[in-house]
Amino acid sequence: MFIDKNGVVRMPKAYLAGTEIFYPDSKETQKKYHALCEKYGFIGFYPEDEAPEDEYAEYVKKDDSLHEMEMQLFTHDLNHIKRTDIIIANLNDYRGNEPDSGTAVECGLAWGYGHRCFAFIDDARPMKERFKGVKKVREDGTVTDKDGAKLEDFDSPLNLMFCDFTIFEGNFEDALKGIRKIFNEELIAAGYQPFEVK
Amino acid sequence: MNRKPVVYIAGPECFYENGVQLAKEALALCEKYGFEGISPAMGHPLGDEIDFSKGKAHAARQIFNNNIRFINHCDLVIANVNNFRGWEPDGGTCFELGYAYTQGKKLYGFMADTRPCYEKYIGNIHYDAPFWRDDNGAFFESGACNLMISGPAQIIRGTFEDAIKKAAKDFGLQEAE
């Protein structure tokens, strides 16, 4: 349960964005994440979940070209974002020192549709501290990566474009716990019963 | 509408020591091809002056708000989606592409190498039909970048100038003498 933008108390629909879909155990993760969502009072939408019957139409491919396939998958994920209330993004470094770009695009989509935005990351220390690559220092003291690109210094683990995200240190379940706590506090403050985690 | 189409210039250039110089060059190219450019690396009348005296979080929020305002004002985004610090483009740039999409902006991404991700990757790859996977088991998408970018954005091989040339063509603009 949560209080939605219109003040209605209902189950929050959450889009589960991340790199989990790229791994061979994605199907197991999908099941595990759904079970965790149920436990903490969310309706989860994993990218690979089938589209439910609603107003968001799936993309119809014109041909079998790569771009048409990409548009079909993009629209599928986009629709999941449109039909949800919040995003929970895995913004861990992926193949280097940046989050997965697809997940990052989805964060921008969700923010643009006015969703409440949450993320989880293994190490939530500021970027300058958590950065795993080789660091260099400019004459003026600015800390950069080995190529001379400045490591942002805003006390955030991520690029400042994610400043509207509430970031939880830990895994997906840690994020669900943290969001549940926030939603329950909002419910109690408005005089409603909190959701009881079994 | 009598104004020139406005380009939001997205990318990690601002992190480099010559970031302002790179922004000026991109702005000049916008002008050359008939656009007005906005670079988040440069001051702009639509943006607030960043006040660093109120703490880092406040400054980050101000920069974020400015960038959102710039994107709202633009007609198209031209984004540098080259790999940054590894095998993914800059996360902030990707966020901006996603947001710009929700506002109905036209999206362009440029990259020096548009071969499929698995061909560009330097590291072990394994074929597991129909995908190539890295040593951690993560598969590579078939395109030049993640499909959440190459779906909604036109991917141009080359530089900012190559992308803006294509955009000028799409917008029916003439190159200035």
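The values are calculated or read from the model by the stated rules, or taken from the named source; none is laboratory data. Bear in mind that the values here come from a model prediction, so they are computed numbers and not experimental data. Neighbour counts run over all protein chains shown; Cβ positions are idealised from the backbone, glycine included.
Within the stretch A:43-70, residues that are free of Cβ contacts under 8 Å to residues at least 12 places away in the same chain reach partners that are of a type in the set (S, T, N, Q) with beta carbons closer than 7 Å, at six or more positions or on different chains, in the pairs A:LYS61/A:GLN72; A:LEU66/B:SER142; A:GLU70/B:SER150. Selection of the stretch B:96-106 for residues being surrounded by fewer than 22 Cβ atoms within 10 Å (Cβ to Cβ) and of a type outside the set (Lys, Arg) yields B:THR102, B:GLN103, B:GLY104. For the stretch B:138-157, indicate whether the set of residues that are away from chain A (no Cβ under 14 Å), over 16 Å from B:ALA112 (Cβ atoms) and surrounded by fewer than 16 Cβ atoms within 10 Å (Cβ to Cβ) is non-empty. No. Do we have any residue at all in the stretch A:37-44 that's hydrophobic (A, V, I, L, M, F, W, C), modelled with pLDDT of 95 or more and assigned to a helix (DSSP H, G or I)? Yes, the stretch A:37-44 has at least one match.
In the stretch B:93-100 there is no residue matching the filter, namely being without any contact (Cβ under 8 Å) to a residue 24 or more places away in the chain, over 18 Å from A:GLU98 (Cβ atoms) and aliphatic (A, V, I, L, M). Out of all the residues in the stretch A:111-160, which are crowded, with 16+ Cβ neighbours inside 10 Å, within 14 Å of the chain's Cα centre (by Cα) and either part of a strand (DSSP E or B) or more than 8 Å from chain B (Cβ to nearest Cβ) (or both)? Listed by number, the residues that qualify are A:HIS115, A:ARG116, A:CYS117, A:PHE118, A:ALA119, A:PHE120, A:ILE121. Being more than 8 Å from chain B (Cβ to nearest Cβ), in contact (Cβ under 8 Å) with a residue 12 or more places away in the chain and in a strand (DSSP E or B), is that true of even one residue in the stretch A:89-99? Looking for residues that are more than 8 Å from chain B (Cβ to nearest Cβ), in contact (Cβ under 8 Å) with a residue 12 or more places away in the chain and in a strand (DSSP E or B), one finds at least one in the stretch A:89-99, hence yes. Exactly one residue among A:ILE167, A:ILE179, A:ILE86 is in contact with a strand residue (DSSP E or B) (Cβ under 9 Å, 6 or more places away or on another chain), within 14 Å of chain B (Cβ to nearest Cβ), among the β-branched types (Val, Ile, Thr) and buried (at least 16 other Cβ atoms within 10 Å of the Cβ), and that residue is A:ILE167.
Taking the criterion of being assigned to a helix (DSSP H, G or I), β-branched (Val, Ile, Thr) and closer than 30 Å to A:PRO12 by Cβ, would at least one residue in the stretch A:168-179 satisfy it? Yes: one or more hits.
Count of the stretch B:128-155 residues, restricted to those that are of a type outside the set (Asp, Glu), under 20 Å from B:GLY86 (Cα atoms) and in contact with a helix residue (DSSP H, G or I) (Cβ under 7 Å, 6 or more places away or on another chain), is 13.
Do we find a residue being in a loop (DSSP other than H, G, I, E, B), in contact with a Gly (Cβ under 8 Å, 6 or more places away or on another chain) and hydrophobic (A, V, I, L, M, F, W, C) anywhere in the stretch A:57-65? The answer is no; no qualifying residue exists. Within the stretch B:4-11, one or more residues are within 14 Å of chain A (Cβ to nearest Cβ), within 21 Å of A:PRO99 (Cα to Cα) and either in contact with a His (Cβ under 6 Å, 6 or more places away or on another chain) or small (Gly, Ala, Ser) (or both). Taking the stretch A:62-83 as the range and being surrounded by 21 or more Cβ atoms within 10 Å (Cβ to Cβ) and within 10 Å of chain B (Cβ to nearest Cβ) as the test, the residues that pass are A:GLU70, A:PHE74, A:ASP77, A:LEU78, A:ILE81. For B:ALA28, the test of being without any contact (Cβ under 8 Å) to a residue 24 or more places away in the chain, at negative phi, outside any loop (DSSP other than H, G, I, E, B) and buried (at least 16 other Cβ atoms within 10 Å of the Cβ) is failed. Could you list all residues from the stretch B:131-166 that are charged (D, E, K, R) and touching a Leu at 6+ places or on another chain (Cβ under 6 Å)? Scanning the stretch B:131-166 gives B:GLU141, B:GLU161.
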